[in-house]
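One structure is given below, encoded as structure tokens.
The values are calculated or read from the model by the stated rules, or taken from the named source; none is laboratory data. Computed from a prediction, not measured in an experiment: that's the story for all the values here. Neighbour counts are summed over all protein chains in view; Cβ atoms, including those assigned to glycine, are modelled from backbone coordinates with ideal geometry.
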């Protein structure tokens, strides 16, 4: 299975701008620029898209792990924060932090923690990242 996205850019780093599109059309000429990445400009940026991908992938992987344990989530709400920092003169993604609030009827704390950890390490986006991945999981 392959998924495709494209990016366009014109101009230099600070004054230039571009767009990002996905083959599915979910993103269609969505603007991104220096201002959307490092300031508060309107549009998206690569780190925001990575955070969305990680939150979505982890949440689906957790649903699978719970199913395999005979559990069904009433709700899973994941927020992901990707941290971009400058180190040794270059920008580096230093962390992807997942925050999960879950309602899983009948789940013990142990079963929930086991499923959450397996999802964190097993989701394909986690495997893609070469950074520290942290997780704070709360079973309500």
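Points to keep in mind about this one:
- Residues in the stretch 95-131 that are without any contact (Cβ under 8 Å) to a residue 60 or more places away in the chain, under 13 Å from the mean Cα position of the chain (by Cα) and either buried (at least 20 other Cβ atoms within 10 Å of the Cβ) or part of a strand (DSSP E or B) (or both): 95, 96, 97, 98, 99, 100.
- Out of 78, 59, one residue alone is assigned by TED's automatic domain parsing to the domain that holds residue 124, part of a strand (DSSP E or B), touching a strand residue (DSSP E or B) at 6+ places or on another chain (Cβ under 8 Å) and closer than 24 Å to residue 123 by Cα. It is 78.
- Here 10, 73 are screened, and the one residue that is assigned by TED's automatic domain parsing to the domain that holds residue 129 and modelled with pLDDT of 95 or more is 73.
- Within the option set 89, 56, being surrounded by 12 or more Cβ atoms within 10 Å (Cβ to Cβ) and under 30 Å from residue 37 (Cα atoms) holds for one residue only, 56.
- The stretch 46-60 residues that are under 22 Å from residue 19 (Cα atoms), paired with ones that are modelled with pLDDT of 95 or more and assigned to a helix (DSSP H, G or I) (beta carbon under 6 Å, 6 or more apart): 53/125; 54/125
- Restricting the stretch 32-50 to residues that are under 19 Å from the mean Cα position of the chain (by Cα) and not in a helix (DSSP H, G or I), the residue that is nearest to residue 93 (Cα to Cα) is 45.
- Against the criterion of being outside the structural domain of residue 120 (by TED's automatic domain parsing), more than 17 Å from residue 80 (Cβ to Cβ) and at pLDDT 95 or above, residue 67 does not qualify.
- Test: residue 31 is surrounded by fewer than 18 Cβ atoms within 10 Å (Cβ to Cβ) and closer than 16 Å to residue 81 by Cβ: no
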